Amino acid sequence: MVDFRKSIAALAVAASVGGLFGAALPAEAQVTLKATMNSDVKILDPIWTTAYVQRGFGYMVWDVLFAVDEKFDVKPQMVEKYDVSADKLTWMFTLRDLVWSDNTPVTSDDCIASIKRWGARDSMGQKLMSEVTGFEKVDARTFKMILKEPYGLVLESLGKPSSNVAFMMPKKTADTDPMVQIKAEDVIGSGPFVFEAKEWKPGEKVVFTKNKTYRPRSEPTSGLAGAKIVKVDRVEWIWIPDPQTQVTALQNGEIDMIESPPMDMLPLIAKDKNLKLFDFNPLGNQDVMRFNTLLKPFDNPKIRYAASVAMGQEEYLKATIGDAKYYKVCKPMFVCGTPLETDAGMENILNQNAAKAKEILKEAGYDGTPVMIMQATDNSVLANLAPVAKAQLEAAGFKVDVVPMDWQTLVGRRVRKEPVDKGGWNAFMTSWVAADILNPVMAGFFNASCDKAMFGWPCDETIEKMRDAFSKETDPAKQKQIVIDLQKYWVEHPTHVNLGQWYQPFALSKKIDGVIVSPVTVFWNITKAP
C-alpha cells in the first residue's frame, strides 16, 4: 500500500496573494488547479450512485455531520455537540452555526431530510434506518434520532468516508426521490467549494470556486475531519479520456494532477523532474466483479459459485496493475491487513480451477445463456478486467459477451433491471476503496436485501441476518466470528467476486503541495506554487 495521503488535487494559494478568507483577488492573480479525475462527470448526485467521481463531487460541494480522521476515528464535522441517552435509544445532535452557499441557514430539517434520503440508498444507511423509529426537531439547529434498540454503528454510519456518503443537503434538494437524480440547479451546499453550474460541460470540464460562505472547524485538518481550508480560488476537473494524453497534458503543465494515472506509465512519471507520485491510501483498493442476480444465468447461486471457482486474481492484477509493487493477491473479502481479514471458507475459490468450475456448471444445469459483461473502456484501472474475466469464464464453459462503454454510461445502465436485450446486464467490473468494505454492513455488495440492495439486487435472508447481528454486536471477537461464519456461507452464495487488492498513487506537478492523508480524493488544504 502506499502512503495514505491522497494527492488529490492540487489547489493553490501562495501566501503572497492574500489571506484564506480575505478580499477577492484580481482576476490575473487567481489560482486555478486543473485535475483529471477517474471519469467524466455526467451525474451530479452522490446519493443516487456510488461512483467515485460523484463521491468526489460531493466532497467538493457538501459537508457531513461526522467525518473520519487519518486514524479512521469518527469526529464531529457539521455537528457542534451530540449526546446519547442512558438507554442508548435517543441520539441528540446540535449543529454548528452554518449556512448554505446561498447564505441561508443550515437547519435540523435539512439534516433530517438528508439522512432519510441517504438512508434509503446506502448499505449502512439502510441498516441504520431499519433501527430508527423517527426523528424529532428540537429547534432550528438541534434534532433527535430515536432508535428501536441500541445500535452499535450510529456514528460509523453517519461518518462513513466513502460511497454512499451521508452528505447534508438543503431540504428542498434532500426531498428529491432517492431513486431520482438531483438537478444541477439544486446543487447548493455548505461545503468548501461552490459548483459553477453554468460552466459545467459534460465531456469537457466541471468548475468549482472557493465557497466564501464556508465555515471551517477550528481543529487541525486530519483525514476527512477538522478544518477544510481552501487555498486555491478555482478548481477545474478537465476530462481527458485517453490515459497517455492525460500524462502528456501533465508533463506540459496543461493540468496539475491525474487522480488515476495509468499504471504502466508510473515509471515514466517518476523519472520526470517536474512531476511526482503521491501515495495516499495504505489500505488500497479491491477489484470486484458484480453479479446481476435477477437474470439468468446468475440468478442461480451455484452458477455464481462456479464463476468464483473459475476465476483467479493474479491475471487480473497483472493485466490492470502490472507492477507487483502495487498489488497483492488477497482472497479475504474484508481487506488484507485489517482486523476482519480471514481466509475462512476461501480455499476452494479464486484458484482459476476451470475443470472444477465445469463440473459445478453441469451440476447447476447451466444452459449456455450468455453472460453479458459491461466493460468500462475509459477507466484505466478497470478497462482490462473484463477481457480477463471473459477468458477465465469461457475456459470453464461459460458463454461470454463483453460490451464496451464509457464508465458514466455503465453507471447509468447498471441500475436497470430489464433483460440484457432491453438494456440490462449480467455482470460488470468495478473497484472499491478499502474504506468502503471494512465490514459486512459497510460493504455495499454484501447488502442482500432484495430490491433495497445495490444494483445486482441479491436477495438472501441468511446474509441479512448475519449483517444485522454484526451491526448490533460490540465485542470485536464476536464480530470477527460473525464475519467468519458469513464468509463461509457467502462463498457458495456469492454476491460478487474479489479480484485482488491494489494500490495507486496520484500523479502531480511538483508545484502541488499540502495533499491530505485521506481514503478519498479531496481538494482542500492543497497549495499550488506559481
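The values are calculated or read from the model by the stated rules, or taken from the named source; none is laboratory data. It should be emphasised that the depicted structure is a prediction, and the values quoted were computed from it without experimental measurement. When we count neighbours, we look across all protein chains shown, and the Cβ atoms used for this are built from the backbone with ideal geometry, even at glycine.
One table, with the values for the structure above:
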| item | result |
| --- | --- |
| Residue within the range 316-332 that is more than 25 Å from the chain's Cα centre (by Cα) and not assigned by TED's automatic domain parsing to the domain that holds ALA270 present | no |
| Scan of the range 448-466 for residues that are part of a helix (DSSP H, G or I) and within 20 Å of the chain's Cα centre (by Cα), ordered by number | LYS452 |
| Test for MET168: is it touching a Lys or Arg at 6+ places or on another chain (Cβ under 9 Å) and under 25 Å from SER108 (Cα atoms) | no |
| Residue match in the range 190-207 (condition: within 24 Å of the chain's Cα centre (by Cα), of a type in the set (Asp, Glu) and not in a helix (DSSP H, G or I)) | yes |
| Residues being closer than 21 Å to ALA389 by Cβ and either out of contact with any Asp or Glu (no Cβ under 6 Å at 6 or more places or on another chain) or free of Cβ contacts under 8 Å to residues at least 40 places away in the same chain (or both) - total across the range 332-360 | 15 |
| Members of the range 385-415 that are within 20 Å of the chain's Cα centre (by Cα) and either of a type outside the set (S, T, N, Q) or within 18 Å of HIS496 (Cβ to Cβ) (or both) | LEU385, ASP406, TRP407, LEU410, VAL411, GLY412, ARG413, ARG414, VAL415 |
| Residue among PRO282, PRO220 that alone is modelled with pLDDT under 95, out of contact with any Pro (no Cβ under 8 Å at 6 or more places or on another chain) and closer than 30 Å to LEU158 by Cβ | PRO282 |
| Search result, residues across the range 95-140 that are over 24 Å from the mean Cα position of the chain (by Cα), among the aliphatic types (A, V, I, L, M), closer than 15 Å to SER190 by Cβ and surrounded by fewer than 22 Cβ atoms within 10 Å (Cβ to Cβ) | LEU98, VAL99, ALA140 |
| Enumeration of residues in the range 80-92 that are over 10 Å from LEU155 (Cβ atoms) and of a type outside the set (Gly, Ala, Ser) | GLU80, LYS81, ASP83, ASP87, LYS88, LEU89, THR90, MET92 |
| Filtered residue count, the range 349-374, keeping only those that are surrounded by fewer than 21 Cβ atoms within 10 Å (Cβ to Cβ) and either outside the structural domain of PRO332 (by TED's automatic domain parsing) or touching a strand residue (DSSP E or B) at 6+ places or on another chain (Cβ under 7 Å) (or both) | 4 |
| In the range 396-412, residue surrounded by the fewest Cβ atoms within 10 Å (Cβ to Cβ) [restricted to those that are assigned to a loop (DSSP other than H, G, I, E, B) and in contact with a helix residue (DSSP H, G or I) (Cβ under 6 Å, 6 or more places away or on another chain)] | GLY397 |
| Conditions (1) aliphatic (A, V, I, L, M); (2) surrounded by fewer than 24 Cβ atoms within 10 Å (Cβ to Cβ); (3) under 24 Å from ASP378 (Cβ atoms); number of the one not met by VAL497 | (2) |
| Out of ASP87, ASP73, sole residue that is acidic (Asp, Glu), modelled with pLDDT of 95 or more, more than 20 Å from GLY189 (Cβ to Cβ) and out of contact with any Lys or Arg (no Cβ under 6 Å at 6 or more places or on another chain) | ASP87 |
| Options GLN481, GLN501: the member that is at pLDDT 95 or above and assigned to a strand (DSSP E or B) | GLN501 |
